[in-house]
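Enquirer: Got a structure for you, written out below as structure tokens; questions coming shortly.
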Amino acid sequence: APRRYRYYQNVCTQSYSYAWWDWARWEREIDWMALSGINLAPAFAGQEAAWQRVYRSLGLNQSEIDAYFTGPAFLAWNRMGNLHGWAGPLPPAWHLKQLYLQHRIVERMRSLGMTTVLPAFAGHVPQGVLRVFPHVNATRLGGWSHFDCTYSCTYLLDPEDPMFQVIGTLFLKELIKEFGTDHIYSADTFNEMTPLSSDPAYLSRVSNAVFRSMTGADPEALWLMQGWLFQHQPDFWQPAQVRALLRGVPLGRMIVLDLFAESKPVYQWTESFYGQPFIWCMLHNFGGNHGLFGTVEAINHGPFAARCFPNSTMVGTGLVPEGIEQNDMVYELMNELGWRQEPLDLPSWVTRYAERRYGAPNAAAASAWRLLLRSVYNCTGVCVNHNRSPLVRRPSLHMDTELWYNASDVYEAWRLLLSAGAELGSSPTFRYDLVDVTRQAAQQLVSDYYLSIRRAFQGHALPELLTAGGVLVYDLLPELDRLLSSHSLFLLGRWLEGARAMATSDREAEQYELNARNQVTLWGPSGNILDYANKQLGGLVLDYYGVRWSLFVSALVESLNSGSPFHQDQFNQAVFQVERGFVYNKKRYPAVPAGDTLEISRKLFLKYYP
């Protein structure tokens, strides 16, 4: 391999994808990592159990600890100081299960020659620390992402405060005692949080304090830091501020993940992170959204350009999606590039990919993949892959239907894949891809029907509104739901039953299910980050997105009938009740697929292929 590291995992993936995993699922993932040549990855499970021991030893009581930890589906943001308390607390059984998992995870990763990255102290503390140590110098950060101080505004210890070293070193010693160490630690102090001062001297003191608290427990410590903050708040993180934070740590003792390098690389405007080693990472996915997407040209050339950059400090490549189990091809491609000395010939690579994926050559399938490669997978410029399709967003008269590709390429790929069904239908990967491409075609069709609905409403054409709205709500969305329900990886029930399976009591099962439901819909008590983690799952399309669309069409029809204007604010209040109702409806969804994928896709095709 041309570089030392091939890294995998994002801090957020722990919550968006791995939240409910058992050991059997982890084992599969770690085997896939080994097969893909991944040799550096976080092992973050069980850290709350270690923190709980540290907090108790410092004199905090259980209610103060319970008020701090979030529920299981939101721990990623608790760990980065964005949130506290939301959807919590964590039951004692959760800690035991996660400790057990973490022991197996680190044992397996190390046995396969991987370097594990353990969490470290970034400076955030529960409010209880201020009760026990009233003279400690801690300041509240601001609210995060539409959350107010009920669940946000974490306390950050001053880097000069002696307790910073005490707490940081205590925690890391506790962790090393329990799990051993490979000497690389992760900490993110200012992830999407504005520092208290932009003074370079202050920023250097913070990073130096974080690093010292690591070396206090492990003199060989290396700090692995996500470089997301620099491109997320570029107004704050000017070159002087970036340099100060990075140079607060001795050169070579930090590795920065250039987290969104395929779209917004940071190494280019920071002189290669001012001499600190970095890993060129592909972020690709936000919130675990479904939706075919890729920036294949950017990832095919980006890592090689970074290697040739003047005084480049690049030490590897990485995959850092917020959520997995979508767009497999892009991750296979990125993994491949970690082993290459130069860019690939993409059309011939994707032709071979189709053959490897389905276990047999097939001309139609290869043609379908070449079409997808040049369209959905070839977003150029600054591409941010949040699925904004009207299908998965709260309906309004101002929805985004823009595409970065030619929609007809997806329809044609759908036709080609269906035609390969007779030959490849027994391949599980083929059936998965057929669902995914049919789902993408249906997502495009939803936008078309939405535009018809909007045109009809704005033109006061009631019959056209009833027709387009009726087809969308009573046929297209139910058919899409049936398609998704035919494949286990597209079932809402799999996500919800996975959450319930982690529980040791009915009360826990209820809490975990609410965590799981809230994350993929409201993301917060009042839709704070509404639909950020949208998924297209059998059950969710019908009972959440479908019900919203039904309410929207009814509201527009009512407006035309009565001659009174449509008020988005009133609709938002009504639809929030629907969204909240879904989170609390207690309906059980099947975790086993039903129906024949090929048959359902063919039926949709005959009815809707443009």
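Enquirer: Report the residues of the range 437-452 in range of a label on residue 464: point 7 Å along Cα→C-beta, backbone N strictly under 16 Å from it.
Expert: Residues 448-452 fall inside that zone.
Enquirer: Could you work out how far helix 296-307 tilts from the main Cα principal axis of the chain, as a 0 to 90 degree angle to the nearest 10?
Expert: Helix 296-307 sits at roughly 20 degrees to that axis.
Enquirer: Which GluC sites (Glu not before Pro) from the range 83-186 combine a DSSP loop assignment with at most 16 other Cβ atoms within 10 Å? Could you put the intermediate results ahead of the total?
Expert: Details: sites: 107, 160, 174, 178; in loops: 160.
Taking the range 83-186 and a limit of 16 other Cβ atoms within 10 Å, the loop GluC sites (Glu not before Pro) found are 160.
Enquirer: Considering the dipole of the range 426-583 built from charges on the beta carbon (Lys and Arg +1, Asp and Glu -1) around the Cα centre, which of 542, 568, 426 is farthest to its positive end?
Expert: 426
Enquirer: Kindly provide the chymotrypsin sites (Phe, Trp or Tyr not before Pro) of the range 531-610 that DSSP labels as loop, not H, G, I, E or B, and whose Cβ sees at most 13 other Cβ atoms within 10 Å. Before the final figure, lay out each step's value.
Expert: Numbers: sites: 532, 544, 545, 549, 552, 566, 571, 576, 582, 584, 605, 608; in loops: 532, 566, 584.
The qualifying sites are 584.
Enquirer: When Cα extents along the principal axes in Å is calculated directly from the model, which label among [x] 92, 60, 52; [y] 212, 90, 68; [z] 72, 56, 45 fits?
Expert: Computing Cα extents along the principal axes in Å and matching it to [x] 92, 60, 52; [y] 212, 90, 68; [z] 72, 56, 45 gives [z].
Enquirer: Report residue 176's accessible area, 1.4 Å probe, all protein chains in place, as a number in Å² to the nearest 10.
Expert: That residue has around 40 Å² of solvent-accessible surface.
Enquirer: Same structure, new question: For residue 106, what accessible surface area do you get with a 1.4 Å probe? Give it in Å², rounded to 10.
Expert: 10
Enquirer: Here's a follow-up. Apply 1/(1 + (r/R0)^6) to the Cβ-Cβ distance of residue 510 and residue 22, taking R0 = 25 Å, and write down the FRET efficiency to the nearest 0.05.
Expert: On the way: r = 19 Å, r/R0 = 0.77.
Computed FRET efficiency for residue 510 and residue 22 comes out at 0.80.
Enquirer: Let me ask something else about it. Using a 1.4 Å probe and counting only protein heavy atoms, arrange 196, 540 so the residue with the most accessible area comes first.
Expert: Working: 196 85, 540 0 Å².
Result, largest first: 196, 540.
Enquirer: I want to make sure I understand the PRE zone here: with the label point 7 angstrom from the Cα of residue 312 toward its beta carbon, which residues in the range 1-17 have backbone N atoms less than 18 Å away?
Expert: Residues 1-7 qualify, since their backbone N sits under 18 Å from the label point.
Enquirer: With a 4.7 Å Cβ cut-off, tell me which Cys residues in the chain come up empty for a partner.
Expert: 12, 281, 308
Enquirer: Among 502-513, 474-485, how do they line up by average Cβ neighbours within 10 Å per residue, starting with the highest?
Expert: On the way: 502-513: 16.7, 474-485: 21.1.
Final packing ranking: 474-485, 502-513.
Enquirer: Kindly express, to the nearest 10 degrees and within the range 0 to 90, the angle between helix 363-374's C-alpha long axis and the longest C-alpha principal axis of the chain.
Expert: With rounding to tens, the tilt is 60 degrees.
Enquirer: Using a 1.4 Å probe, what is the accessible area per residue for the chain, in Å²?
Expert: Details: 22440 Å² over 610 residues.
I get 37 Å² per residue for the chain.
Enquirer: Then there's this: Of all accessible surface on the chain at a 1.4 Å probe, what whole percent is carbon and sulfur? The partial results should precede the final answer.
Expert: Values: 11820 of 22440 Å².
Ligands and nucleic acids excluded, carbon and sulfur give 53 percent.
Enquirer: Classify the range 137-199 as rounded, prolate or oblate from the Cα gyration tensor: take a ≥ b ≥ c as the square roots of its eigenvalues, call it rounded if a/c is under 1.5, otherwise prolate when a/b beats b/c and oblate if not.
Expert: Details: a/c = 2.23, a/b = 1.75, b/c = 1.27.
Note, shape of the range 137-199 comes out prolate.
Enquirer: So if I take the centroid of the Cα atoms in the range 538-558 and the same for the range 131-153, what is the distance between those two points in Å?
Expert: Here the answer is 39 Å between Cα centres.
Enquirer: In percent, how large is the relative contact order of the chain, given Cα pairs closer than 8 Å and 6 or more residues apart?
Expert: Details: 1048 pairs, mean separation 79.3, N = 610.
Relative contact order here is 13 percent.
Enquirer: Run the simple label-point estimate for residue 397 and residue 251 please: 7 Å along Cα→C-beta, distance reported in nm.
Expert: The two pseudo-label positions are separated by 6.1 nm.
Enquirer: What 222 nm value per residue comes from the helices of the chain, counting each DSSP H run with n ≥ 4 as -39,500 (n - 2.57) and dividing by all residues, nearest 500 deg cm²/dmol? Write out the running numbers ahead of the final one.
Expert: Working: 26 runs with 299 residues, N = 610.
Computed ellipticity for the chain at 222 nm equals -15000 deg cm²/dmol.
Enquirer: Just grab the label-to-label distance for residue 574 and residue 107, each label 7 Å out from Cα along the Cβ direction, in nm (one decimal).
Expert: For residue 574 paired with residue 107, the spin-label model returns 5.7 nm.
Enquirer: Rounded, prolate or oblate: pick one for the range 386-608, where a ≥ b ≥ c are the square roots of the eigenvalues of its C-alpha gyration tensor, a/c under 1.5 means rounded, and failing that, prolate if a/b is larger than b/c, else oblate. Mind dumping the intermediate values first?
Expert: Numbers: a/c = 2.10, a/b = 1.08, b/c = 1.95.
In terms of gyration-tensor shape, oblate.
Enquirer: Once you list every other residue whose beta carbon is under 11 Å from the beta carbon of residue 288, what net charge do they have if Lys and Arg are +1 and Asp and Glu are -1?
Expert: Numbers: positive: 535; negative: 322, 325.
With Lys, Arg at +1 and Asp, Glu at -1, the net is -1.
The values are calculated or read from the model by the stated rules, or taken from the named source; none is laboratory data. Note that the structure is a prediction, hence the values are computed from the model and not measured. Glycine gets a Cβ as well: all are built from the backbone with ideal geometry, and neighbour counts include every protein chain shown. Surface areas here come from the heavy atoms of the whole protein model, side chains and all, with no ligands, DNA or RNA. Shrake-Rupley method; radii C 1.70, N 1.55, O 1.52, S 1.80 Å.
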